Amino acid sequence: MDGSAARERLALAVDMPLAQGLALYSSVAPFMGYAKVGLSLFVEHGPAAVTAFQKLGGRVFLDLKLHDIPNTVELAAARAGALGVALLTVHAAGGEAMVKAAVKGAREGAQRQGHPPPRVLAVTVLTSLSAADVTDIGFSSAPEAAAQRLAQLAVRAGADGLVCSPREAEGLRRLLGPSPFLCTPGIRPAGAERGDQARAETPAFAVRAGADLLVVGRPVHTAPDPVAAARALALEVSSG
Ligand code: C5P
């Protein structure tokens with residue numbers, strides 16, 4: 001795989017103030033094709049946070065994890081599609097009708113503005129939840145089984161892919177086949193600080209497990225030389 005293909009498989013999680021995030025993204029953009037804009041940036045700046053990264057040439061991964069009644073999610077997804085984002089997240093736990101509505105809204109919103117349709121990715125069980133938390137919410141099965149059931153539901157509803165841990169990726173590939181787009185956070189280059197990611201894996205592991213897009217935040221943010229860190233990630237993805 002060449003460098004430009006690796007770039008299409010790396011997203012920078014921009015979990016920081018906008019000005020700082022724009023400066024960081026513009027320096028690593030030769031190696032990371034996507035900027036992941038999450039709830040905090042979007043709550044503070046709205047669509048301006050999306051267009052700012054697009055102006056730098058980044059494709060935007062809008063990580064809003066939508067979860068509401070289908071009509072409300074369809075309207076929000078249509079607005080996201082109209083912004084020309086490349087990826088949008090929803091919670092699979094919102095149910096089949098809600099995921100379907102998100103896909104419909106995202107496609108229609110993009111089409112109205114002449115953008116390619118965003119990929120709608122479903123989040124299954126948040127990796128921050130323990131087995132006890134999953135039981136407290138009311139799931140009767142273990143987190144892994146609940147995640148697989150929600151993944152099947154999302155794909156049935158037309159989701160383009162899933163957000164999953166690198167450790168789940170291989171099992172999901174086996175279960176769902178080659179087409180769902182798998183996006184994995186929880187990436188730590190060998191020897192890097194894990195922070196609060198208890199189940200982190202290396203970029204090469206994620207690629208071999210079948211991940212299409214790797215989301216990386218702190219290993220780039222906190223690196224003494226973020227550009228060198230991004231270059232090393234791209235190299236590892238190319239050789240993985
Ligand atoms: O800094 P780090 O590389 O851990 O950032 C990972 C990014 O992926 C963060 O934006 C985090 O919110 C997000 N994420 C995650 N685990 C999930 C879903 C999203 O770490 N299950």
Right, Ala102: within 16 Å of the ligand (Cβ to nearest atom), within 30 Å of His221 (Cβ to Cβ) and either open to solvent by less than 60 Å² (accessible area, probe 1.4 Å) or polar (S, T, N, Q) (or both) or not?
no
Restricting attention to strands (runs of 3 or more DSSP E) lying wholly within the stretch 1-75, give those where 3 or more residues are touching a helix residue (DSSP H, G or I) at 6+ places or on another chain (Cβ under 7 Å) and within 16 Å of the ligand (Cβ to nearest atom).
59-66
Gly94 - would you say it is surrounded by fewer than 21 Cβ atoms within 10 Å (Cβ to Cβ) and either hydrophobic (A, V, I, L, M, F, W, C) or away from the ligand (no atom under 14 Å from the Cβ) (or both)?
no
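Quick check on my filter: what residues within the stretch 172-193 are open to solvent by less than 60 Å² (accessible area, probe 1.4 Å) and within 12 Å of the ligand (Cβ to nearest atom)?
Cys183, Thr184, Pro185, Gly186, Ile187, Arg188, Pro189, Ala192 - these are the residues of the stretch 172-193 that are open to solvent by less than 60 Å² (accessible area, probe 1.4 Å) and within 12 Å of the ligand (Cβ to nearest atom).
Of all the residues that make up the stretch 194-219, how many are within 10 Å of the ligand (Cβ to nearest atom) and either in a loop (DSSP other than H, G, I, E, B) or within 21 Å of Leu87 (Cα to Cα) (or both)? Walk me through it before giving the result.
Our first condition is that a residue be within 10 Å of the ligand (Cβ to nearest atom); within the stretch 194-219, this holds for 194-197, 199-200, 214-219.
Okay, now just the ones that are also either in a loop (DSSP other than H, G, I, E, B) or within 21 Å of Leu87 (Cα to Cα) (or both), so 194-197, 199-200, 214-218.
Residues flagged as within 10 Å of the ligand (Cβ to nearest atom) and either in a loop (DSSP other than H, G, I, E, B) or within 21 Å of Leu87 (Cα to Cα) (or both) within the stretch 194-219 amount to 11.
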Could you run through the stretch 99-141 and say how many residues are without any contact (Cβ under 8 Å) to a residue 60 or more places away in the chain and in contact with a strand residue (DSSP E or B) (Cβ under 7 Å, 6 or more places away or on another chain)?
8
Any residue in the stretch 156-169 that is over 27 Å from Pro70 (Cβ atoms) and at pLDDT 95 or above sitting within a Cβ distance under 8 Å of a residue that is open to solvent by 10 Å² or more (accessible area, probe 1.4 Å) and more than 11 Å from the ligand (Cβ to nearest atom)? List the pairs, counting only those 6 or more apart or interchain.
none
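The values are calculated or read from the model by the stated rules, or taken from the named source; none is laboratory data. Keep in mind that what you see is a predicted model, and the values were worked out from it rather than measured. Cβ sites come from the backbone with ideal geometry, for glycine too, and all protein chains shown count toward neighbours. Remember, those area values only see protein heavy atoms, side chains included, never the ligands or the DNA or RNA. Shrake-Rupley method; radii C 1.70, N 1.55, O 1.52, S 1.80 Å.
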